[in-house]
Amino acid sequence: MNMHFSTLTTLTVSQYSVVQYCCLSGSNFDVAYSKRFSRVGFLKTHHCTKMSRLYDTVAPSVIDEKLLLKAIDEQGPKEEAGRIAKEEETEFADIIALRLDFKNILKIDNLWEFTSLVKLQLDNNIIEKIEGLDSLVNLVWLDLSFNNIEVIENLDKLTKLEDLTLYNNRISVIENMDTLTRLHVLSIGNNNLSSLDNLIYLRKFKNLQTINLSGNPFCDEAKYKLFVVAHIPSLVYLDFRLIDENTKTAAKEQYRYAIEELVADETSAENKRLELEAAETEFNKQMAAYVENLDGPQLFESLFTDDPEAQKLASLPGVDELLNTYKEKMVAICQQVFSFGLQEHEKRQKEVSEFYACVEEAKKENKEMGVTKIADFDKYRKKCLADLTLISDSKVMDSKLGEYDEETSKLWDILMGYELQLVDQLEDTIKDFERSLADMVSNFVEHVQGLISQVRDLENIHHEKVLEIAISTLEKYVKNELDDELSEELKMLLVDKDTITSAVSASHDVHLLKIDNREDDIIQRANGWMASLMERIHQEEEVVRNRDRVKEINNFIDNLKEEVRNLELPGMQ
């Protein structure tokens, strides 16, 4: 016997009262939730001790096309999925509700086509792992109760989920639900939850109003109810019962200091999160402007990252002062590049926004002209159709039909003319935009190249001065005129003039390569962005728009002509 009905006799009077109260209380408790929780109540009393369904008596099922088609068909024409299946060839992508309960399913699989699915029932199976749900991004209602699940996982993509049921599984920790910000109802009773502190995790779900925790080990603790109510202030219903004001007051009083400390920690964490988010947003903006890491000494420091000779040469007498001067001047130039890059980025974004606004305005005006012509034609169409129903003479009928066909053809010519006019208008607008954007990118690149050239000049000057110091140091070292002790690594470079000169030149080459690479990176990204944007505008946007519009006009005219052909006219009998 189906458990939906066999368990009906186990409903107690008190449970029925709770469900009935929830339905009639005038609260926000949805009728669907009340039905669902009443069913959970039935099953709860039926399973007095925790039980997981075993699959040693029946072979586990696999979610394949055969099972899915059967499940859809079983839902019947009154159900949305069944209605779709019976009206036309089944398209999984169109189905919004699917029941796969009591199928002895071991693994969630092959649901990737159900992209429109809003409601999914997988309860009363033998599922051990939450998986295979990533494509169900529109899911609002998910029932995984009465399975063998031990870990909450793989729900990250279900950001629209509002109702989640994990009742009667083997879960010991509430976790991995951070993206479920819309969660309104959570049923996780009859699991292995033993730590009340774990419930603090649920504070992040600001929309959570209904939760079922009954049947977990921590429910036996005397402080259970007040702890839950105090730590999850958004709750309206707990374990099938409305939380009354007295309970809220008592919970607030008992845990006042703990909650104040918790709120302070949460506020601090939230402020830190906002700071990191703001920093990430700012960095992304800098990347879009191609000047990230140019607002400080990052480029200067990167010159020496892969320079094996840098540390040795830095110990030459007087080089440390040179490096400080070099760094100060280079950072100043980099900051100019940074500021200029952000300014130019804002100009480019403004130009792009104005372009799209201009395109939308042109499309709007063109559409209004078309709508006006269609409205005029519609008046003619209605009169013509009315006249046709009164004509009995076949010759007059043929003449009238010919006139109608001619008028629809004229309408087609007018609408196509408007579209060609829009195509020409947009083509000119796109050309003007492309020229303007090309000038902006070109000016940006030239200015950046000029500034980077100054950095390159600084490197060349620094190189010459280091080389002078190196040769002078070598001469003094050979004559034993150095007062300071030299490092063993530096002594190895002061063997002869060729050795020290090669080291200085190798270091210089590394620095120039880093500078050149940064310059090339900025130029390539700027030009690449413009090329990609224009390609998208020309091909992915304008060509597609034109093709869709022509298709729309043709279909519209065909429908007008088909409408007349399908009329039952007296003169055509």
15 Å beta-carbon shell around residue 395, net charge (K/R +1, D/E -1): -3
What list of ³J(HN,Hα) couplings, whole Hz, do you get for region 179-193 from phi and the Karplus terms 6.51, -1.76, 1.60, once you set θ to phi - 60° and write x for glycine and proline? 7, 7, 5, 8, 4, 10, 10, 9, 10, 9, x, 6, 10, 10, 6
Using only the alpha-carbon atoms, how far is helix 245-254 inclined from the longest principal axis of the chain? Give it as 0 to 90 degrees, nearest 10. 30 degrees
From phi via Karplus (6.51, -1.76, 1.60), per-residue ³J(HN,Hα) for region 316-330 in Hz, x at Gly/Pro: 5, x, x, 5, 4, 5, 4, 5, 5, 5, 4, 4, 4, 5, 5
Spin-label proximity, residue 547 to region 512-535 - amide N less than 13 Å from point 7 Å beyond Cα toward beta carbon: none
Explain nothing, just the number: dipole magnitude of region 442-573 about its Cα centre with +1 on each Lys and Arg Cβ and -1 on each Asp and Glu Cβ, in debye rounded to the nearest 20. 680 debye
Taking the dipole about the Cα centre of the chain, with the C-beta of Lys and Arg at +1 and of Asp and Glu at -1, give me whichever of 126, 502, 355 is farthest to the positive side. 126
R0 = 45 Å: FRET efficiency of residue 325 with residue 535, Cβ-based, nearest 0.05? 0.50
So how strong a dipole does the chain carry about its Cα centre when Lys and Arg Cβ are +1 and Asp and Glu Cβ are -1, to the nearest 20 debye? 3280 debye
Per residue, how much accessible area does region 271-385 have with a 1.4 Å probe, in Å²? 59 Å²
With a 10 Å radius around each residue's Cβ, average the other Cβ atoms per peptide and rank 223-235, 422-434, highest first. 223-235, 422-434
Based on the Cβ-Cβ distance of residue 383 and residue 179, what FRET efficiency does E = 1/(1 + (r/R0)^6) give at R0 = 45 Å, to the nearest 0.05? 0.20
How charged is the neighbourhood of residue 382? Take every other residue with its Cβ under 12 Å from the Cβ of residue 382, and add Lys/Arg as +1 and Asp/Glu as -1. -1
Specify the angular offset, from 0 to 90 degrees and rounded to the nearest 10, of the alpha carbon long axis of helix 394-478 from the longest principal axis of the alpha carbons in the chain. 30 degrees
Per residue, how much accessible area does region 161-209 show when a 1.4 Å probe rolls over the protein heavy atoms, in square angstrom? 33 Å²
Counting only the heavy atoms of the protein chains, how much of residue 492 is accessible to a 1.4 Å probe, in Å² to the nearest 10? 130 Å²
Given a 1.4 Å probe and every protein chain left where it sits, what share in percent of the accessible area of region 359-457 is carbon and sulfur? 51 percent
Estimated vicinal HN-Hα couplings, Hz - region 261-278 in sequence order (Karplus 6.51, -1.76, 1.60; Gly, Pro = x): 5, 5, 4, 4, 5, 5, 5, 5, 5, 5, 4, 5, 4, 5, 5, 5, 5, 5
Specify the inter-centroid distance of region 185-242 and region 324-361, based on alpha-carbon positions, in whole Å. 51 Å
Ranked from the most accessible area to the least, with a 1.4 Å probe and all protein chains present, what is the order of 334, 219? 219, 334
Share of region 94-198's accessible area from carbon and sulfur, percent, 1.4 Å? 44 percent
Work out the FRET efficiency for residue 137 and residue 435 from their Cβ-Cβ distance, taking R0 = 56 Å, and round it to the nearest 0.05. 0.85
Around residue 255 (Cβ within 15 Å, Cβ-to-Cβ, excluding residue 255; K/R +1, D/E -1) the net charge comes to -1
Helix-only CD estimate at 222 nm, as mean residue ellipticity for the chain, using -39500 (n - 2.57) per DSSP H run (n ≥ 4): -20500 deg cm²/dmol
Just the number please: accessible area per residue for region 403-495, 1.4 Å probe, all protein chains included, in Å². 58 Å²
Order the peptides 246-253, 340-347, 179-186 from the highest to the lowest mean number of other Cβ atoms within 10 Å of their residues. 179-186, 340-347, 246-253
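The values are calculated or read from the model by the stated rules, or taken from the named source; none is laboratory data. Values in this document were obtained by computation on a predicted structure and should not be read as measured data. No Cβ is skipped: glycine too gets one built from the backbone with ideal geometry, and neighbour counts run over all protein chains shown. Remember, those area values only see protein heavy atoms, side chains included, never the ligands or the DNA or RNA. Shrake-Rupley method; radii C 1.70, N 1.55, O 1.52, S 1.80 Å.
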